[in-house]
1. Which of the residues belonging to segment 14-54 are crowded, with 20+ Cβ neighbours inside 10 Å and of a type in the set (V, I, T)?
2. I'd like the residue in segment 450-465 that is over 15 Å from A433 (Cα atoms) and within 14 Å of the ligand (Cβ to nearest atom) and, out of all such residues, is surrounded by the fewest Cβ atoms within 10 Å (Cβ to Cβ).
3. From (1) without any contact (Cβ under 8 Å) to a residue 60 or more places away in the chain; (2) in contact with an Asp or Glu (Cβ under 8 Å, 6 or more places away or on another chain); (3) not charged (D, E, K, R), pick out the condition that doesn't hold for A259.
4. Take L237 and tell me if it is within 13 Å of the ligand (Cβ to nearest atom) and at pLDDT 95 or above.
5. Give all pairs with beta carbons closer than 6 Å in which a residue from segment 13-27 that is touching a residue at least 60 places away in the same chain (Cβ under 8 Å) and assigned to a helix (DSSP H, G or I) meets a residue that is more than 8 Å from the ligand (Cβ to nearest atom) and among the charged types (D, E, K, R); count only pairs at least 6 apart in sequence or on separate chains.
6. Within segment 367-416, take every residue that is in contact with a Pro (Cβ under 6 Å, 6 or more places away or on another chain) and among the small types (G, A, S) and give me the one that is surrounded by the fewest Cβ atoms within 10 Å (Cβ to Cβ).
7. So, in segment 123-141, exactly how many residues are over 13 Å from V181 (Cβ atoms) and within 16 Å of the ligand (Cβ to nearest atom)?
8. Confirm whether L231 is crowded, with 21+ Cβ neighbours inside 10 Å, near the ligand (Cβ under 10 Å from one of its atoms) and part of a helix (DSSP H, G or I).
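The values are calculated or read from the model by the stated rules, or taken from the named source; none is laboratory data. Just so we're clear, the structure is a prediction, and the values are computed from it rather than from any experiment. Ideal geometry is used to build each Cβ from the backbone, glycine not excepted, and the neighbour counts take in all protein chains shown.
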Amino acid sequence: MDIRSAGVVGLGTMGAGIAEVLARAGLTVTAVEADPDALARGMSMIDSSLGKAASRGRLTEQQHREIASRVQPAAAMASMADADLVVEVVPEQLPIKRKVVAELDRVLRPEAIIATNTSSLSVTAIAADSACPGRVVGMHFFNPAPVMRLVEVVTTVLTEPESARTVTALAERIGKTPVQVTDRAGFVANALLLPYLNHAVRLLETGYAACDDIDLAVTAGIGLPMGPLALLDLIGLDTSLAILEALEREFGGTRYTPAPMLRRLADAGQTGRKSGRGFYDYRQEETGQTSGKESAELPAPPGTVTLIDPSIGRPASPNSDRAEDLASLLAAAGVSVSWNPVHPTDLALVVIGPEGGVLGPARAAGRTADAVGMHLPHKSLAELVPSALTSAAALGRARALVARLGLTAVRSADRPGLLVGALLFPHLRDAVAMAADGYAAPRDVDTAMTLGCGYPRGPMRLLADVGPELAVDVLSAMHAGYGDPAFAPPPLLREYALGGLPGALSGAG
Ligand code: CAA
C-alpha cells in the first residue's frame, strides 16, 4: 500500500518529531492533540526544529515553509478520516492506547494502518481489542526522531503480513532503517538501554559517583554520544520509569527494578528536559548559563609521586604494564617518579585495575592518608579512587596531576568495576544474554544500538574491543562483591572469552 497521507495522535516531543519526519518525506500529516496548549507547543516544536535545520543550511527557507505547511493541526480524530496510516504517540498507558485504537477503528477506512509508537507496552495487548487487529503494527521511533535512524517494526501473532510490509516500506521511505522485532517488552534497544540507565541512577543515589562524573565516564571513557543521566533527561524520567516497570513485569530481576531516585524525581514532576529539570537543570539554558558544576580551584600539581603497584612481587600481570605505562606518562609530563613508598613524595598513587582495591596496598606501603587509586580505562580518562582513609588534600593533588597530564578525571567508589566498568560490563553482559536467549542476533543488537542510540560501535563490537576475558573478570568480581546474579557472566560470554567472538562481530570478518 502506498502511504500518501498520515496522521499522528499525540503531539509531545516524540509525536512532534514523528510528524516532522513524515512531513519531510513529502507526506501530508494531520497532527491531532486534544489539549490546545499541547497542540500549540507541538506545532511550535516542529517549526523550531525545521528552523534550526534551515539555519544550519540543511533546508532552504522555502523547504522549511513547505514542510511546515504539510502538517495540519487538529483537535479531533475525525480529521484523520482519509489518512492511509496513523501513528499513535499518546502516553504509555494501555487503557489510553486502547481507547485511541478504538476511536481510530471508528474513523479510519478499513484498509488504513494503525501504527503504535509504544516503547514498552505489548503491541498484542494494544491490538487485541481492535476491530481489525491485523492492521495494528508497532512502529517504534527513537528520540530525537528526526535524527535517530532506527525504527523497530513490531509484529504480533495478529499482524497481517501486508501491514508489516507497508510499515517497513514507509520506514525506508522516510530515511530510517527498519528492524523487524517481535513483541517482547522493550523490544531490542530499550530492553538493553533501560537497565543500564537504571544502574547509573543507582550509582548516583548510593553516592558511588557524582552526576557529571557518571556521564563523563560514559562519554569520555566509552565514547557514547551522551551520558546515561543526560540521556534519561532526554527520554523523560516518566517514560523511562514506565519502560522499566514493563520490563520488570515481563522479566523480573534487579536490573529492571526502578531505582527509587528515578521514581521520586518522576513523581515530583522533574521529568527531564521536557519539564526543564531532571538530573540536570535546563531552565538556565535560555539565559546562557550552564547547568554543570562550577570547576573547583585545583592545588598545585605534585612534583614527586610514588607509584604503588599492588602486583609487585607477583608474576608479571596487566597491572605491572599499567604501572610502567603510568610511570612513562608521568615522566613525560616532568613529574619525578619513585617506586619506594618509604621515600617521601607529594602523592602516592596505587595503580589499580578495574577490579579496584586501594586501601590494602596503601596500608601495606604505610601511605593510607596520601594514597589515591588511579586507573586509566581510556587514553583520555583517569578514574581517581580514594580509599576510606584518603585525605581530601591528596585527592585534590591527584586531580591537579590528572589535569597536568591533560586527562579528564572522574571520581569513583573503590568497588569492582570502578565507574566505567561498573556501567559498561553489565551492559555488555545484557547484550550477550539477549543474543544467547535467541531473541536478537548479535549483529541486530549492534544495529539497534548504533542506529537507535547513536553508539559509534554496538555492544558486541565494544566487547570485542575491550576483550571478553576482561568482561568476564570484572563481572565475576562484581558478582562476587554484590552477590547479584544479574552480574554473573553468562555461559556465552565465557565461551567468547575462551574462543573469541565470531569474526564478523570482532571486526575481523
Ligand atoms: N530535533 C531535531 N534535530 C536535532 C535534535 C532534535 N531534538 N537534536 C539534535 N538534532 C540534530 C542537530 O540539528 C544536528 O543536525 P545537523 O548535523 O544536520 O546539523 C544533529 O542532530 C547533531 O546535533 P548537535 O550537533 O546539536 O548535538 P550532538 O552532536 O551532541 O548530537 C544527539 C545530539 C543526536 C542527541 C546525540 O547526542 C545522540 O545521538 N544521543 C543519543 C540519543 C539516544 O540515545 N536516543 C535514543 C533514546 S531511547 C528512545 O528514544 C526510545 C524510547 O522508547 C525511550
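1. If the condition is that a residue be crowded, with 20+ Cβ neighbours inside 10 Å and of a type in the set (V, I, T), then I18, V21, V29, T30, V32, I46 are the ones that fit.
2. Of everything passing the filter in segment 450-465, P456 is surrounded by the fewest Cβ atoms within 10 Å (Cβ to Cβ).
3. (1)
4. Values: within 13 Å of the ligand (Cβ to nearest atom): yes; at pLDDT 95 or above: yes.
Yes.
5. Here the result reads T13/K274, each pair linking segment 13-27 to a residue that is more than 8 Å from the ligand (Cβ to nearest atom) and among the charged types (D, E, K, R).
6. Step by step, filter segment 367-416, then rank; the result is G396.
7. 2
8. Numbers: crowded, with 21+ Cβ neighbours inside 10 Å: yes; near the ligand (Cβ under 10 Å from one of its atoms): yes; part of a helix (DSSP H, G or I): yes.
Taking the combined requirement at face value, the residue satisfies it.
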